[in-house]
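Notes for the one structure printed next.
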Amino acid sequence: MNILILGANSDIAKHICDAFAKEKDAHFYLASRNTTDLEKFSKDLTIRHQVKASYYSFDATNFTSHQKFYDNLPEKPDLVVVAFGLLGEQQLAEKNFQHAAQIINTNYTGAVSILEIVAADFAARKSGTIIGISSVAGLRGRQSNYIYGSAKAAFTTYLSGLRNRMQKHNVHVMTILPGFVATKMTQDMDLPQRLTAQPKVLGQAVYQAYSRGKNTMYHKKAWCLIMFVIRSIPESIFKRLSL
Amino acid sequence: MVLNFIAMKIHGWGKYPYQEACIHHASNHSELRKVIQQGNCIARGLGRSYGDSALSANVISTQQLRYFLDFNPKTGLLICESGVSLADIIDAFLPRGFFLAVTPGTKFVTIGGAIASDVHGKNHHHVGCFSEFVENIELLLPNGEIVNCNRQQNQELFHATCGGMGLTGIILAATIKLIPITSSTIQQRTIKSANLNATLAAFHEHKEATYSVAWLDCTAKGKHLGRSLLMLGEHADDNNLVRSTPRNLNVPFNMPSIMLNRYSIRAFNHFYYQRIKQDEVHDRVNLDKFFYPLDSISQWNNLYGRKGFTQYQFVIPLEDAEMALQKILGKIADYGNGSFLSVLKLFGKANSNYLSFPQEGFTFALDFKMEPTLFHFLEQLDRLVQDYNGRVYLAKDVRMPADFFHATYNKVEQFQKIRASIGATDKLSSLQSTRLGI
């Protein structure tokens with residue numbers, strides 16, 4: 001199985017690779033903007049799991065490069081994982097639209113750009129799976145990170161639309177909604193331990209959800225309930241909260 | 001980038017003490033150098049050392065150093081980054097017929113931690129410590145320079161780094177030798193001994209066994225003092241490398257510490273000893289169960305309650321071992337609040353590393369839950385240990401007095417010289433190294 005990982009430098013992506021390495025004849029195409037670390041990572045995969053792995057340069061925000069990137073892959077993937085994302089800094093994004101645009105383009109526009117190319121190929125081949133790593137932050141806007149949150153909201157909505165469209169082409173689209181995950185992205189944040197997922201466990205959960213053909217998956221599971229509660233708070237109250 | 005990090009409360013496996021620390025991730029070398037220049041820096045892997053040896057104001061986490069870099073199936077030589085855990089290695093290489101030449105009682109330690117504590121296993125009496133199978137260490141010195149240390153190159157630094165508790169630099173990667181095996185199971189023999197004399201005799205009698213360790217009833221007194229179950233193991237050779245996944249329990253919360261009292265501990269020890277009816281039992285157990293019985297209970301450190309616990313592990317040279325153990329076990333049995341699992345093990349010869357713990361003799365380890373009288377009691381044990389020329393293991397320690405440490409580790413001065421020569425003295429330190437004046 002050819003597996004294309006977009007944003008392969010992310011901790012979540014690495015652990016997804018570890019989990020999917022048990023797929024028969026797994027061949028990983030690792031893609032990221034910064035490829036220096038990917039050389040090491042691809043070597044690690046080949047040693048650790050005795051699978052094939054190669055790496056490619058890919059910039060989610062360089063939209064015009066996407067078609068060429070996809071066309072140049074030695075073989076077309078059977079599974080594509082969108083794991084790139086940018087948390088950014090909310091307060092900077094409020095003052096500096098460039099930063100806001102960067103957050104939006106990385107988390108949303110870039111994903112749309114590459115996934116439309118992938119979707120066209122999968123639709124023609126009548127097979128394939130797309131996994132998008134979105135976030136529970138997209139389920140309700142909060143003052144502390146609504147630029148990131150709104151971009152993830154758009155991505156979540158996009159994935160559900162794509163799932164609807166690809167159904168008839170025998171292409172499966174899965175949305176992953178992690179809450180807090182202990183990764184590089186969050187390493188400077190003091191996260192509540194009980195609600196924070198370990199990327200390794202998340203990687204295995206994604207694989208399990210994939211094997212079971214799930215459409216959306218929350219991780220940790222408690223986030224499903226938490227977000228239900230958060231979404232049920234009336235806006236008149238919610239707007240006064242400092243979240 | 002500004003070095004601005006949120007401080008977090010962290011602790012060792014014993015959950016005592018807690019320390020406010022800035023966590024820095026070891027990914028970018030030039031940034032690491034800047035962090036080290038701030039001083040009070042110590043590397044930390046999975047946080048499995050029991051006491052305060054991986055606690056400091058600035059902690060360098062090796063979690064991001066997670067890659068395998070090279071493996072040669074002909075020689076069994078593996079090069080990997082220091083944040084790779086023993087569990088990672090077993091997961092990847094057991095199915096291919098390779099295993100760790102030396103493994104401690106948990107697989108949730110990193111290569112960096114295993115080297116820094118120079119850990120030992122149930123086969124120490126034959127093969128020595130973990131460092132015997134370390135062929136090279138890639139070490140980041142406080143000045144930012146990266147050097148290779150091994151038995152040919154930078155020898156002194158190699159012997160200081162193995163067992164050096166992270167005080168000589170940040171271990172970035174290492175080359176270790178794995179051993180070939182043909183089975184994922186261990187042929188186990190359990191031998192029941194009624195008292196200390198019989199226990200020690202059983203160790204000597206079964207010296208040829210590849211692996212040996214005894215569980216000892218630390219609550220037994222009088223004629224039962226030192227009664228034990230000695231477990232011997234040999235790798236099976238059934239050509240079956242399929243690993244049965246161990247069942248997993250969890251202790252998600254701190255248990256109320258009242259649960260652990262002299263009565264519950266006595267009862268547990270009694271039943272644990274009595275569960276083996278015959279003098280000798282043969283069976284076959286999977287490798288995880290034999291080497292890592294406690295790994296199947298995640299967060300078992302919560303069993304000792306909110307205040308935490310410590311493990312006291314000492315070694316007594318062979319000649320006086322029986323008399324010393326007799327006295328120490330007597331004291332522990334009187335103290336009453338010993339632990340569920342106390343472990344006795346025969347060590348082989350000491351190595352030439354400056355701070356490695358093992359020396360030829362018997363080592364005994366047991367847990368104590370934290371309580372006000374504990375440290376005073378342990379100082380009494382220290383005195384006995386010192387009288388019999390023994391010492392206490394740094395990776396477990398959280399409280400030994402500095403003078404006791406200096407009196408029992410005889411190569412500290414040489415170690416300090418090496419530390420000074422690479423500019424590590426005022427840059428790399430843990431709460432432990434400060435407490436002990438290393």
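The values are calculated or read from the model by the stated rules, or taken from the named source; none is laboratory data. Remember, it's a predicted structure, so these values are computed and weren't measured experimentally. Ideal geometry is used to build each Cβ from the backbone, glycine not excepted, and the neighbour counts take in all protein chains shown. Note: areas computed on protein heavy atoms with side chains; ligands, DNA, RNA excluded. Shrake-Rupley method; radii C 1.70, N 1.55, O 1.52, S 1.80 Å.
The figures follow:
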quantity: Selection within the stretch B:22-43 - away from chain A (no Cβ under 12 Å) and open to solvent by less than 10 Å² (accessible area, probe 1.4 Å); calculated: B:32, B:35, B:36, B:39, B:41, B:42
quantity: Residues (within 19 Å of the chain's Cα centre (by Cα) and either of a type in the set (Ser, Thr, Tyr) or within 14 Å of another protein chain (Cβ to nearest Cβ) (or both)) located in the stretch B:44-62; calculated: B:44, B:46, B:47, B:49, B:50, B:53, B:61, B:62
quantity: Answer residue from the stretch A:158-201, given it is aliphatic (A, V, I, L, M), buried (at least 18 other Cβ atoms within 10 Å of the Cβ) and within 14 Å of chain B (Cβ to nearest Cβ) and is nearest to residue B:66 (Cα to Cα) among those; calculated: A:182
quantity: Close pairs (9 angstrom Cβ cut-off, 6 or more residues apart or separate chains): within 18 Å of residue A:9 (Cα to Cα) and assigned to a loop (DSSP other than H, G, I, E, B) in the stretch A:183-201, open to solvent by less than 70 Å² (accessible area, probe 1.4 Å) and among the small types (Gly, Ala, Ser) anywhere; calculated: A:183/A:10; A:187/B:61; A:198/A:182
quantity: Among the residues listed as B:417, B:427, the single one being surrounded by 20 or more Cβ atoms within 10 Å (Cβ to Cβ) and outside the structural domain of residue B:168 (by TED's automatic domain parsing); calculated: B:427
quantity: Some residue of the stretch B:223-242 being open to solvent by 70 Å² or more (accessible area, probe 1.4 Å), touching a Gly at 6+ places or on another chain (Cβ under 9 Å) and farther than 29 Å from residue B:93 by Cα; calculated: no
quantity: Residues located in the stretch B:125-158, provided they are among the polar types (S, T, N, Q) and loosely packed, with under 15 Cβ neighbours inside 10 Å; calculated: B:143, B:152, B:153, B:155
quantity: Failed item in (1) in the same structural domain as residue B:113 (by TED's automatic domain parsing); (2) farther than 22 Å from residue B:128 by Cβ; (3) open to solvent by 10 Å² or more (accessible area, probe 1.4 Å), with residue B:170 passing the rest; calculated: (3)
quantity: Count - residues of the stretch B:267-278 that are part of a helix (DSSP H, G or I) and either farther than 20 Å from residue B:232 by Cβ or open to solvent by 40 Å² or more (accessible area, probe 1.4 Å) (or both); calculated: 7
quantity: Single unsatisfied condition, residue B:33 versus (1) in a loop (DSSP other than H, G, I, E, B); (2) modelled with pLDDT under 95; calculated: (1)
quantity: Residues of the stretch B:279-315 satisfying the condition of being in contact with a Pro (Cβ under 8 Å, 6 or more places away or on another chain) and open to solvent by 70 Å² or more (accessible area, probe 1.4 Å); calculated: B:289, B:299
quantity: Tally of residues being open to solvent by 30 Å² or more (accessible area, probe 1.4 Å) and part of a helix (DSSP H, G or I) across the stretch A:132-152; calculated: 2
quantity: The stretch B:327-336, residues that are surrounded by fewer than 18 Cβ atoms within 10 Å (Cβ to Cβ), within 11 Å of residue B:218 (Cα to Cα) and at pLDDT 90 or above; calculated: B:330, B:331
